[in-house]
Each structure stands twice: as structure tokens, then as C-alpha cells.
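First comes the structure, then the notes that go with it.
The values are calculated or read from the model by the stated rules, or taken from the named source; none is laboratory data. All values derive from a computational prediction rather than experimental measurement. Backbone-built Cβ (ideal geometry, glycine too); neighbour counts: all protein chains shown.
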Amino acid sequence: MMSGLDLTQSAARVTAAIVDIESESGNEKALADAVEEALRQYPHLEVLRDGDSVLARTDLGRAERVILAGHLDTVPIAVDSTGRRNVPSLLEGDWETGTLRGCGTSDMKAGVAVQLVLAATLADPGRDVTYVFYECEEVEAERNSLGRLIRTRPEWFAADFAVLLEPSNNIVEGGCQGTMRARLTFRGARSHSARSWLGDNAIHKAGAALRRLAEYRPRRVEVEGLEFREGLNAVGITGGVAGNVIPDECSLVVNFRFAPDRSQADAERHVREVFADLDAEIAVTDSAPAARPGLHLPLAAEFVSAVMAGMPEEPTAKFGWTDVARFAELGVPGVNYGPGDGSLAHKPDETVDLEQVVRCAERMRSWLGSAS
């Protein structure tokens with residue numbers, strides 16, 4: 001099977017080519033096949049296939065090694081506002097300054113395209129580079145293959161710095177928020193709703209927690225010069241037996257997005273404190289750590305200077321969780337930086353500004369091509 005991926009083309013055109021290969025989470029095989037076949041054409045790269053993830057690296061004996069990482073999967077295909085299925089891609093304008101429409105254009109096939117073009121055309125970079133293309137990022141954390149790869153292929157993740165090419169409008173986003181989900185279970189006693197005084201309504205008990213969430217004032221905290229904004233919100237509620245039964249159980253799911261000055265243990269302690277006086281059982285169901293920005297570190301500072309030179313914007317905090325946290329746990333400082341607008345991610349009308357794609361590839365090439 002021929003991949004059809006010509007990695008000597010511009011990153012904009014490669015973006016369109018990989019958007020046209022559907023890769024919803026769990027269905028990345030066709031794209032992984034294409035990526036693997038394309039990269040194996042280049043003798044300066046060592047290439048490894050692991051499941052539906054592909055890794056490639058140079059081994060030139062450089063003083064520094066950096067990781068460029070991006071996920072191959074997208075959210076499910078959708079129908080956009082024009083009634084059109086959002087795959088294949090649709091070009092609006094030209095390849096240098098136009099817009100590309102389609103599922104995954106922003107999150108994050110534009111970033112993956114930049115990785116692919118750099119991997120193919122940078123045969124003699126000033127830094128050794130490891131390129132990671134992984135599956136199942138858009139679903140639950142235990143399916144995210146980056147965690148598996150780090151555990152089973154640790155030698156591929158020994159590095160001095162990492163860049164996750166998630167959409168950031170080509171603005172460096174430092175660190176990331178942590179995320180925690182907890183389930184609050186309220187218990188009561190069933191009875192016939194016509195004789196409600198014989199029961200104890202568990203759904204009513206959840207009202208106190210909902211009021212507390214509505215009145216909650218999240219922190220805004222500065223960490224290493226960047227402002228992070230926390231959030232504690234209800235994201236799900238279940239309860240009820242039948243239309244004539246007083247319910248004996250109600251579950252409320254809350255999501256806490258926490259700043260990187262808190263550990264996961266600190267975050268859990270805070271969630272429990274918020275609801276401590278309520279008659280609820282509290283269980284943490286999912287948790288991932290935050291990552292500190294680390295932009296003061298030499299390689300990070302050099303990277304910011306190189307890719308944001310001449311831009312009026314300054315680096316910002318990453319609102320949301322990304323796999324930068326996994327690199328932080330390894331002791332590898334990392335940043336989020338890539339083409340695309342994160343606010344368009346997962347939307348049926350997802351698009352990417354192709355000028356951003358071209359600019360990202362140019363600036364990354366310049367940075368990688370000059371040894372420190």
C-alpha cells in the first residue's frame with residue numbers, strides 16, 4: 001500500500017493529505033501506516049512502529065536532544081454548518097495564506113504535518129530530534145499510547161527538552177493545568193412519591209453541592225510568571241428510579257482544573273474540603289498532574305526567543321491538560337507550541353490558518369537547525 005504522503009511538500013499541503021486519512025481515536029491504523037511508510041524512505045531516521053504509534057529519531061551525536069510530539073487521532077467525524085461531512089479537507093483560498101477546513105485541521109494534524117516535514121527534510125539538524133506520533137490522545141487517559149510508550153520504550157524519551165505541537169496559535173503555552181474528576185454520591189431512602197415523608201430524597205441532597213459549586217470562586221494564581229485560572233464545576237449528574245419513586249441515590253461528577261502549584265494530593269484535599277460538611281461519599285475517579293511552565297530554563301528560554309521573535313504576544317499559561325505533564329514527570333521540560341486555534345478544536349467547523357502552519361514549520365526549522 002502506498003502512503004501517498006509526499007513529505008517534500010509544504011506543511012500546509014501535508015496537513016491536507018493527513019486530514020484526508022480518517023483517524024478517529026481507536027482507528028488510527030491507516031494514518032499510522034502512511035506515516036510509517038513515508039518516514040522509512042529517509043535513511044537519516046531510525047523508525048519504530050509500536051501499535052498504531054510511530055517513532056522516528058536522528059542519531060548524530062549532538063550535544064542536545066529534543067522531542068517533538070503529536071497525536072494522530074481526532075474526535076469523531078461530524079457534519080459542518082454547511083451540511084458537509086468534515087472529511088475530506090476543503091481549501092479556502094491558497095496554500096500560503098488560505099484556510100483549510102476539516103476534522104483535525106487544528107487539533108492537531110497541522111502540528112503533526114509540521115513534525116513530518118521537519119523529520120523528512122532536516123537530515124542534519126543542530127540538535128538530535130525524536131519525533132513521536134501517538135494514538136488515542138482524545139479519549140480516556142488509560143488508552144493514551146504516550147503513557148505506554150514512555151513505560152515500554154524509555155530509551156526513546158531520554159531528552160533535554162520537548163515540544164508538544166498542540167494548537168496554540170503559534171504562541172508558546174507554558175506548563176498545563178492538572179485535571180481531576182470526583183464522584184459525589186448522595187444516599188437516601190426509597191418510598192412511593194405519594195408518601196414522600198416515608199423516604200429520603202437523595203437528589204434533593206445534591207442541591208447543597210450544586211449551590212456550593214455555583215458560589216465557588218476559583219483561584220487565579222501566578223506560577224513562574226504566568227497566570228493560571230482554576231475551575232471547579234459539575235460535569236454530570238445521575239439519579240432517579242421511576243416517576244413515582246423517591247430516589248435513594250444521586251451521583252454528581254465534578255471536574256477540578258488546578259494550577260501547577262498544586263500536586264494531585266493537594267487537589268484532592270481541596271475537593272474534599274469544599275464538600276467536607278455535606279452528607280456525600282467522595283471518590284476520585286480520574287486524575288492527571290499539572291506541569292509547571294519552566295520557561296526560565298535555558299533551552300525553553302532559547303526556544304521562546306527563536307519561535308516568537310518579532311511577535312507582539314507573550315507566552316501564556318496553558319489552560320487545559322496536555323501531555324506536557326507526562327514529559328514533566330520524566331524530568332524533561334516541555335512547552336505547548338503549534339499552529340491552529342485551540343478554541344476551534346473538536347468543532348464541526350474546525351479550520352486552520354495555513355499561514356500559521358507555514359510559519360510554524362519555518363521557525364521550528366530555524367531553531368532545530370542551530371546548535372546552542
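Values for this structure:
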item	result
Identity of the residue in segment 303-326, in contact with a Phe, Trp or Tyr (Cβ under 8 Å, 6 or more places away or on another chain) and in a helix (DSSP H, G or I), that ends up surrounded by the fewest Cβ atoms within 10 Å (Cβ to Cβ)	Ala306
Per-region count, segment 88-127, residues buried (at least 18 other Cβ atoms within 10 Å of the Cβ), within 21 Å of Ser343 (Cβ to Cβ) and of a type outside the set (Asp, Glu)	15
Among residues of segment 128-142, those that are over 17 Å from Glu166 (Cβ atoms), in contact with a strand residue (DSSP E or B) (Cβ under 8 Å, 6 or more places away or on another chain) and surrounded by fewer than 21 Cβ atoms within 10 Å (Cβ to Cβ), counted	2
Failed item in (1) assigned to a loop (DSSP other than H, G, I, E, B); (2) touching a helix residue (DSSP H, G or I) at 6+ places or on another chain (Cβ under 7 Å); (3) modelled with pLDDT of 95 or more, with Ala276 passing the rest	(2)
Enumeration of residues in segment 225-243 that are among the hydrophobic types (A, V, I, L, M, F, W, C) and under 19 Å from Thr179 (Cα atoms)	Leu226, Phe228, Leu232, Ala234, Val235, Ile237
One residue from Val114, Val132 being under 19 Å from Gly334 (Cα atoms), in a strand (DSSP E or B) and modelled with pLDDT of 95 or more	Val132
Matching option when the condition is closer than 24 Å to Thr8 by Cα and either assigned by TED's automatic domain parsing to the domain that holds Leu330 or surrounded by 15 or more Cβ atoms within 10 Å (Cβ to Cβ) (or both), among Arg85, Arg65	Arg65
Segment 282-302, residues that are assigned to a loop (DSSP other than H, G, I, E, B), under 20 Å from the mean Cα position of the chain (by Cα) and at negative phi	Pro289, Ala290, Arg292, Pro293, Leu295
Candidates Leu7, Leu31, Leu39 - the one that is over 27 Å from Glu92 (Cα atoms) and crowded, with 17+ Cβ neighbours inside 10 Å	Leu39
Among the residues listed as Asp80, Asp124, Asp128, Asp59, the single one being more than 19 Å from Val14 (Cβ to Cβ), touching a His at 6+ places or on another chain (Cβ under 8 Å), in contact (Cβ under 8 Å) with a residue 40 or more places away in the chain and assigned by TED's automatic domain parsing to the domain that holds Ser25	Asp124
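Yes/no matrix, rows are residues, columns are (1) closer than 18 Å to Phe256 by Cβ; (2) crowded, with 18+ Cβ neighbours inside 10 Å:
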| position | (1), (2) |
| --- | --- |
| Ala182 | yes, yes |
| Arg190 | no, no |
| Ser193 | no, no |
| Asn201 | no, yes |
| Ala209 | yes, yes |
| Leu213 | yes, no |
| Leu226 | no, yes |
| Ala234 | yes, no |
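Residue-by-condition table, conditions (1) assigned by TED's automatic domain parsing to the domain that holds Pro315; (2) of a type in the set (Lys, Arg); (3) under 30 Å from Gln356 (Cβ atoms):
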residue: Asn170; (1), (2), (3): yes, no, yes
residue: Arg183; (1), (2), (3): no, yes, no
residue: Ser193; (1), (2), (3): no, no, no
residue: Ala214; (1), (2), (3): no, no, no
residue: Val245; (1), (2), (3): no, no, no
residue: Ala259; (1), (2), (3): no, no, yes
residue: Val271; (1), (2), (3): no, no, no
